[in-house]
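In what follows, a single structure is set out as structure tokens and then discussed.
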Amino acid sequence: MLPHTPSESPPSNLAALAEDHYFSANPPPKDLQKHVKLAKDFIDFHSKAGRRLVLVTSGGTTVPLEKQTVRFIDNFSAGTRGATSAEYFLEAGYAVLFLHRQFSLLPYSRHYSHATDCFLDFLREGPDGSVVARDEDAGKMLNVLRKYREARDKNMLLVLPFVSISDYLHELRSIAQLMKPLGPKGLLYLAAAVSDFFVPPDRMSEHKIQSTDAADAFNKKSKPSASEEEETFDNFDSSPSVPRSKRLVVDLDPVPKFLKNLVEGWSPEGMIVSFKLETDPKILVHKAKYSLDRYQHHLVIGNLLSTRKWEVVFVSPGNPDKWIRIPQGGKLEDSKEAEKDEPLDPKSLPEQEPELEIESLIIPAVAELHTKYIKTIEGKKLGA
Ligand code: PAZ
């Protein structure tokens, strides 16, 4: 049973003000309208069919340091969690809107995309000059290909990219708002690694940040006009102790937390699942509970950087914390480790990745909570 049900109240004034300010100051991605059209058609199609639909966010957001971006801050996420989860959601009958960092892993093609699994290594030349899968790989490849084709042919998978933190937030807000017609059958599964800090546009250099004063000498030849002077880039207020041309001081603001706006305003009926990543095992569960308490959504899935492929913890209102874990050895079998109520010691885990994908356990558990959520909301509507 999930006690957090849709709130009647609009987002608090502060959250609404922060939203207005952020979205008017940070321009939308150039393809937003195109993406909105694709997302609307996809959502309407599945909403009419009465199908469950999940928005999976995946991969890391960038933090640009320049408006004409040459350099940016990034994070480690390759999108494995998101791409793998999307496949298991499709298997569970969900339509999947996959909002991912451009060029990060995608459902199905993820099996053949990275340096260790380059698709060329799975192919050989056929007898008549054709290209065919190597005999030992053909079985798995055919299986993956069939699932991929089925998802595409039945219009069950829509893939949309983002790059920067502001692209991500614009896309998330628009898509979440479009999901309203799905009611409680909409699920938001937020696995993207979203930047906590960014450079606001009014403190961002238009052009590539210079590492020498060569361009300064050139610029000084002609006195800048008043409007050019206004555009002079300075990311940090206090006077630097070494020449500006030799340092790069990156002064970042916190990204506003929009989970409250999402829960209360953008998607008031959908079930919302967020992820919490930590590196310190001592604070993981505490931080997951804090997030749940603060944003009043439906499930936080906690994971540690070093053990995220072996275990996660489900923290949801009204339920005891639930560890979902692949026993050591990578096979699904009963063991004492599987029962532990606290994080595993990363040193006790094998070096190689588990054979079993932990998402194959996470998604059925999320779908079960989603079923309960739908029943609760629909029951309330009938009783109203
Ligand atoms: O992409 P990946 O599979 O390597 O990592 C997945 C993850 C750790 C980014 C994800 O499970 C997660 O915790 N996302 C939320 C991160 C956060 O903002 O706390």
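The values are calculated or read from the model by the stated rules, or taken from the named source; none is laboratory data. Values in this document were obtained by computation on a predicted structure and should not be read as measured data. Virtual Cβ from ideal backbone geometry, glycine too; neighbours counted across all protein chains shown. SASA here: full protein model, heavy atoms, side chains in, ligands and nucleic acids out. Shrake-Rupley method; radii C 1.70, N 1.55, O 1.52, S 1.80 Å.
Here's the yes/no breakdown for (1) of a type in the set (A, V, I, L, M); (2) surrounded by fewer than 15 Cβ atoms within 10 Å (Cβ to Cβ); (3) modelled with pLDDT of 95 or more; (4) touching a His at 6+ places or on another chain (Cβ under 6 Å):
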position: 99; (1), (2), (3), (4): yes, no, yes, no
position: 102; (1), (2), (3), (4): no, yes, yes, no
position: 107; (1), (2), (3), (4): no, no, yes, no
position: 164; (1), (2), (3), (4): no, no, yes, no
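What are the pairs with Cβ atoms under 6 angstrom where one residue, in the stretch 69-87, is within 14 Å of the ligand (Cβ to nearest atom) and the other, located anywhere, is open to solvent by 30 Å² or more (accessible area, probe 1.4 Å)? Sequence gap at least six, or different chains. Matching pairs, first to second residue: 83/106; 83/110; 84/357. Inside the stretch 246-266, residues that are open to solvent by 10 Å² or more (accessible area, probe 1.4 Å) and more than 14 Å from the ligand (Cβ to nearest atom) make up a count of 13. Here the condition is being of a type in the set (S, T, N, Q) and either assigned to a helix (DSSP H, G or I) or modelled with pLDDT under 70 (or both); of 274, 211, 306, 195, it holds for 306 alone.
Return yes when residue 49 is over 22 Å from residue 312 (Cα atoms), out of contact with any strand residue (DSSP E or B) (no Cβ under 8 Å at 6 or more places or on another chain), surrounded by fewer than 22 Cβ atoms within 10 Å (Cβ to Cβ) and of a type in the set (A, V, I, L, M, F, W, C) and no when it is not. Can you show your working first?
Numbers: over 22 Å from residue 312 (Cα atoms): yes; out of contact with any strand residue (DSSP E or B) (no Cβ under 8 Å at 6 or more places or on another chain): yes; surrounded by fewer than 22 Cβ atoms within 10 Å (Cβ to Cβ): yes; of a type in the set (A, V, I, L, M, F, W, C): yes.
So residue 49 passes the test.
Before we move on, is residue 175 modelled with pLDDT under 95, out of contact with any Ser or Thr (no Cβ under 6 Å at 6 or more places or on another chain) and hydrophobic (A, V, I, L, M, F, W, C)? Against the criterion (modelled with pLDDT under 95, out of contact with any Ser or Thr (no Cβ under 6 Å at 6 or more places or on another chain) and hydrophobic (A, V, I, L, M, F, W, C)), residue 175 does not qualify.
Open to solvent by 80 Å² or more (accessible area, probe 1.4 Å), at pLDDT 95 or above and under 23 Å from residue 276 (Cβ atoms) - does that describe any residue in the stretch 354-373? Looking for residues that are open to solvent by 80 Å² or more (accessible area, probe 1.4 Å), at pLDDT 95 or above and under 23 Å from residue 276 (Cβ atoms), one finds at least one in the stretch 354-373, hence yes.
I'm trying to understand the selection: among the residues of the stretch 126-184, which are acidic (Asp, Glu) and under 30 Å from residue 253 (Cβ atoms)?
Step one: list which residues in the stretch 126-184 are acidic (Asp, Glu), which gives 128, 135-137, 150, 153, 167, 171.
167, 171, listed by residue number.
Would you confirm, using the coordinates I've provided, whether residue 45 is farther than 25 Å from residue 25 by Cβ and within 14 Å of the ligand (Cβ to nearest atom)?
Details: farther than 25 Å from residue 25 by Cβ: yes; within 14 Å of the ligand (Cβ to nearest atom): no.
Answer is no for this residue.
Looking only at residues of the stretch 288-323 that are over 16 Å from residue 369 (Cβ atoms) and of a type in the set (A, V, I, L, M, F, W, C), we find that the one that is farthest from the ligand (Cβ to nearest atom) is 310.
Would you please name the residue that is modelled with the lowest pLDDT, looking only at residues in the stretch 109-138 that are among the aliphatic types (A, V, I, L, M) and open to solvent by 60 Å² or more (accessible area, probe 1.4 Å)? Checking each candidate, the answer is 115.
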